[in-house]
Amino acid sequence: MKSNYQYLISFPLEGLILRLTRMLPARPRLLAFPIAVIYVLSLLLPSSSFGQGYIEGVNVSYENLPMKIKTEGGDQKFTGSNLKIGTTIPIFLTPNKSKYLLVGGNLEAFNFSGLHPAFEVKSVYSISPTVGYSTTVNKKFNLTALFMPFLNSDYKNVKSSDIKFGAVLRGTWKVNDKLTWKGIIGYRRQFYGPQYIVLVGMDWKVNNKLWIFGDLPHSATVSYAVNPKVNTGFNLFVQNSTYRLNFQQRYFEYNTVNPGLFAENYVSPNWAIRATAAYTLIRNMEVYNKNDKATGFIDFYEMGSRKDPLNPEVAGGLSFKVGLSYRIIPGKH
């Protein structure tokens, strides 16, 4: 795999990003900054060929969520929009690239439009830097550890208690060139209490057209290559996040399970655009008082019992997502 990661330690990345941001005066700064980050990373990240079973060095996605709450006074209809930006950059520590640091982060802006008195949340945000270390134990086994602090709230009167922490340990075992198994365990401190992460993953190249990969029960992708640049298939995505609300010392929990269909096109050997239409089987968008705690969660499964949420149920329904990602395919040159 070709790489320029070694230069990241001394590369004046921040200054270049700021200069590129200033080159876009007609755009809002909140949009110009991530555009500049993406441009810089596209210059630094390595080149690889088309395919699936990838690592996303850069990902930008926008999700549109039509929503409805049934109340005695009538239905309240509104729309949610979720913008996410994520990066992951390895910094190799050995010439053979068997040991490396992982540096990156994720940004999220989750907004709700319209009038919806039964659901008090207007906007929540998340900032989550990531630091990790990966080592190749032998030819078949790799071990990776990640540390992830995160700040999730409506960003009104931000407090140190808004900062939570999480850690993940991942092991991968390569059976052969077509099949790799993964095991992931982790822990996150959420506003409802502890969240335990237990995932089993795989990356299976069934044949030249069909690829299956993911980390169950959190994510899964079944991808079929229509041609070298176009893929289509099935995608499952699960999210469980909590955000502190300044209003009356409450927190908002977003727990969703989205199976859907996607189509994607590689606009270059590394950059892919994906469109997804999904139906939300579980859409828990619930507001609780800060002292309403769960015994814990195993990924998205709740243990114990809490008081009922303060808001009426938000109905499940469709979601539409479009994303742009820079993909690195392990082992490809």
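So here's what we get for this one:
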item	result
For the stretch 166-176, 3J(HN,Hα) per residue [Karplus equation, 6.51 cos²θ - 1.76 cosθ + 1.60, θ = phi - 60°, Hz, x = Gly/Pro]	x, 8, 9, 10, 10, x, 10, 10, 8, 6, 7
Table column - 3J(HN,Hα) (Hz), the stretch 68-75, Karplus curve with 6.51, -1.76, 1.60, x for Gly and Pro	8, 10, 8, 10, 5, x, x, 6
For S153, residues with placed amide H under 5 Å, excluding near neighbours	Y125, R244
Separation of the T295 and L101 label points, Cα + 7 Å toward Cβ, nm	4.1 nm
Phi to ³J(HN,Hα) by Karplus 6.51 cos²θ - 1.76 cosθ + 1.60 over the stretch 216-225, Hz, x for Gly, Pro	7, x, 7, 8, 7, 9, 10, 10, 10, 7
For the stretch 54-118, projected area of the alpha-carbon convex hull averaged over all directions, nm²	6.2 nm²
Lysines with Cα under 29 Å of K140, excluding same-chain neighbours fewer than 8 positions away	K2, K97, K99, K174, K178, K182, K205, K209, K332
Shape parameters for the stretch 185-333, alpha-carbon atoms, Rg then Dmax in Å	18.3, 55
Using alpha carbons only: equivalent-ellipsoid semi-axes of the stretch 86-182, gyration tensor based, whole Å	37, 16, 11
Built amide H within the under 5 Å cut-off of N311, gap 5+	V287
Amide H contacts of I55 (H built 1.01 Å from N, under 5 Å, at least 5 apart or other chain)	I328, I329
The stretch 275-333: translational diffusion in µm²/s, Stokes-Einstein, Kirkwood Rh over Cα pairs, 25 °C, 0.890 mPa s	161 µm²/s
Whole-number percent relative contact order across the stretch 182-274, with pairs defined as alpha carbons under 8 Å at least 6 apart	18 percent
Rounded to the nearest 10 Å², the accessible area of V230 at probe 1.4 Å	50 Å²
Measure of compaction for the stretch 116-247 (Cα Rg per 2.2 N^0.38 Å)	1.33
Potential extension, N208-N64 segment - 0.36 nm per residue separation minus Cα distance	48.5 nm
Gain upon complete extension [K159, D177; 0.36 nm per residue less C-alpha separation]	1.7 nm
Whichever aspartates and glutamates have a C-alpha closer than 15 Å to that of K122, once near sequence neighbours (fewer than 8 apart) are set aside	E108, D154, E253, E286
Estimated inter-spin distance, Y224 and F247, nm [label 7 Å along Cα→Cβ]	4.6 nm
Which of D308, D203, D162 is most accessible, then next, and so on - probe 1.4 Å	D308, D203, D162
Förster radius 25 Å - calculated FRET efficiency between A315 and F234, Cβ distance, rounded to 0.05	0.60
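The values are calculated or read from the model by the stated rules, or taken from the named source; none is laboratory data. Being a predicted model, the structure only gives us computed values, none of them experimental. Note that we place each Cβ from the backbone using ideal geometry, even for glycine, and neighbour counts take in every protein chain shown. Side chains included, ligands, DNA and RNA excluded: accessible areas come from the protein's heavy atoms. Shrake-Rupley method; radii C 1.70, N 1.55, O 1.52, S 1.80 Å.
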